[in-house]
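My structure is below; once you've seen it, I'll send some questions.
The values are calculated or read from the model by the stated rules, or taken from the named source; none is laboratory data. All values derive from a computational prediction rather than experimental measurement. Quick reminder, even Gly has a Cβ in these numbers, built from the backbone with ideal geometry, and neighbours come from all protein chains shown. We work out accessible area using only protein heavy atoms, side chains counted, and drop any ligands, DNA or RNA first. Shrake-Rupley method; radii C 1.70, N 1.55, O 1.52, S 1.80 Å.
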Amino acid sequence: MAGDESSVRVAVRIRPQTPSEVVDGCGVCARAGGEAGDGGIALGSERAFTFDYAFEPSATQEAVYETCVRKLVEAALDGYNATVLAYGQTGSGKTYTMGSGWEGEGDGDEFRRGIIPRAIRDLFAGAEQRAEAARAQGNLPPEFSVQAQFIELYNEDIVDLLDPAKDPFAKGALRITEDGCGGVRVVGASMRAVRGVHDALGALHAGALARTTAATNMNSSSSRSHAVFTLLLRQRRLATDQDTVDRDAEADTPEQYETLTAKFHFVDLAGSERLKRTGATGERAREGISINCGLLALGNVISALGDKSRKVLHVPYRDSKLTRLLQDSLGGNSNTVMIACVSPSDRDFMETLNTLKYANRARNIKNRCVVNQDLTSRTINQLRHEVARLQMELAEYKQGKRIVSENGEEGWSDVVQENAILTSEVESLRRRVKAMQDTIEQLSARNSELLAEKALAAWAPRDSSPDATDCSLTTLVQGYVSEIEDLRAQLMEANALYEASRKREARTRHDSVHDPNSILDDAKRELYKEKELLARSMGELEFQRKLATQVSEGGEGGEGEVEEDTRPIGERERAEGESAGDSEPSDHDDDDEGSDDERVDAIEAETAGQRILTAQLAALSEDIDTKARLIEQLEASQRRLAALRTHYEQRLDTLHHQIKATGEERDKVLATLGTLARCES
């Protein structure tokens, strides 16, 4: 997967002056120019720097977070690594800005909340929002899991702040290694699973209490180590690019999932310091030397990565454990923001200048950011794209767009090439039509001007000079001419629409030219005949039903009287013959049994015939209803066509009258102008 190259963004935050600096009468030497997005920093009266963001001492914690870090949280939810790096001298406000010294929050502490607590809240809130959005769309929500790690680098030794009792000097306790994706990780450091904001803040609080701090002349609670708080975000979600494959092809295939991981590093570096100013001795001095050595190695890495000449072939990541820990963040796979905290007081001029130079070099570092997707998901994603491409090629072969020559070479068919040529010709013709339309508009305007001048020349006095013609008259006449031309254009358009409508109407009745309503009349006559046929069939069916009922009643009742013998002639003769043979008892019994069987068979045959006839009548009735609806639609279409024809005829009459009235008005105005001109002469 291709990566996106991005520069390390640098923000500079100027802290307010401390009460001791105000009491000592220190002046202000560093100022931020313009808004926070301008990024201008003025140091003294001669030096100026430009960064991505710059914050005045009055800038709030929320403003710093929203401007610099909020986008990194969104990127982490999409599977990108992120790093926030705080750098500066001792006492410049790094820990306050990062919020790594968090000690709990009350009702009034929201204003003082640093970057880490805000990022934790937004990270879990963003995960919940994405889950709710997936549920709203009817999809399975992504599954999120977060783990926290908090370590510090004290005197070049890695200490696990979440398990401070662990011996850092034990064999294989804590060491830095590379993972399978080219990144780095700390083996042996505890990873605490956090299920919400409260758990994550609890891990931050526990690590902050175990961090090494001490007092110096420049800061009463100076951090004596580099601290790295890491959140490892893992999510399992539906593959976002499944819609690129044909939905019909995916109808029977299971849903594909992908697993994304993201590391969010919050790095609170120890402050750079000069032993002369801090007054550190003994253990504090050794800590300061170790801190400065780590920052020096970090500066060498930044200088090597930010070298614009590209002459540096080696980046000294292994010179320090700090630079090894930040190998992903600087020049690696991470979106990185460095926040340089500086003091505005003139007595810290040199420290502020060094910090600004340090941060300015970091702006030249280029990182290459890619989504951290597991190997299986990445392979499935690549195979899915390959299947989509092959399916497209197969469809092109089936459609005849692609062909294979006798030599086995693939290529496009003549039809596709011809279509490409015709498409280019169509685009060329469209451009020509657009140019011709512009030319026509210009010529129409020029024609209006010439017609106006001609009309004025015909009505103006012959002995008058051209300068005597009033410009307002020219404008008036030109307006009349333009209006007439517009009305003529509308008239031509209306005529074209009317002709098109008339042709469509003629096509609908092409079978009968002389009688416009012949088709509708024929349909009505056919419908009337079918209705008569249906009525006769219904009568015949009803008659047969009555006959069958009487026959069945006669068979059951024996000698019951029948008012009218409606049976067919053959049946009546057969019945009379049977009654005449009543004098022979034995033959009568046999014939009576045979006649009963024949009667049952006749009734069953009659019933089957009735069912067939009923089904035919139902189909005929449905056909009649369909034709009736079609006739109603045809009548409605004729009414609409008649209304449309009337509308166009009225429109044509109106345009003719407007053209005539405009022409008469123009002639009247010109005649009046000519009369006035002759009277004045």
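Would you calculate the separation in nanometres between label points at Glu62 and Glu632, each defined as 7 Å from the Cα along the Cα-to-beta-carbon direction?
6.4 nm
With a probe of 1.4 Å, find how much accessible area segment 6-142 has per residue, and write the answer as a whole number in Å².
Here the residues of segment 6-142 average 45 Å² of exposed surface.
Please compute the length gained on full extension between Met191 and Asn354, using 0.36 nm multiplied by the number of residues separating them and subtracting their Cα-Cα distance.
55.1 nm
How much FRET efficiency would the formula 1/(1 + (r/R0)^6) give for Leu209 and Val22, where r is the Cβ-Cβ distance and R0 is 30 Å, rounded to 0.05?
Here the calculated transfer efficiency is 0.40.
Apply 1/(1 + (r/R0)^6) to the Cβ-Cβ distance of Arg113 and Ala134, taking R0 = 25 Å, and write down the FRET efficiency to the nearest 0.05.
0.25
Let me ask something else about it. Compute the distance in nm between two label points, each set 7 Å from the Cα along the Cα-to-Cβ direction, one at Ala48 and one at Ile380.
Placing both labels 7 Å beyond Cα along the Cβ direction yields 5.5 nm.
Pop the C-beta distance of Arg430 and Met392 into the FRET formula with R0 = 35 Å and round what comes out to the nearest 0.05.
With R0 = 35 Å, the Cβ-Cβ based efficiency is 0.80.
At 7 Å along the Cα-to-beta-carbon direction for both Lys366 and Thr177, put a label point, then send me their distance in nm to one decimal.
Output for this residue pair reads 3.3 nm.
Leaving out ligands and nucleic acids, and using a 1.4 Å probe, what accessible area per residue does segment 353-428 come to in Å²?
Heavy-atom accessible area per residue stands at 67 Å².
Pull out the extension gain between Glu622 and Ala535, defined as 0.36 nm times the separation in residues minus the alpha carbon to alpha carbon distance; nm, one decimal.
Here the answer is 29.9 nm.
A follow-up question, please. Of the peptides 291-302, 190-201, how do they stack up when ordered by the mean number of other Cβ atoms within 10 Å, highest first?
Going by the mean number of other Cβ atoms within 10 Å, highest first, we get 291-302, 190-201.
Using a 1.4 Å probe over the heavy atoms of the protein chains, calculate the carbon and sulfur portion of the accessible area of segment 286-385 as a whole percent.
55 percent
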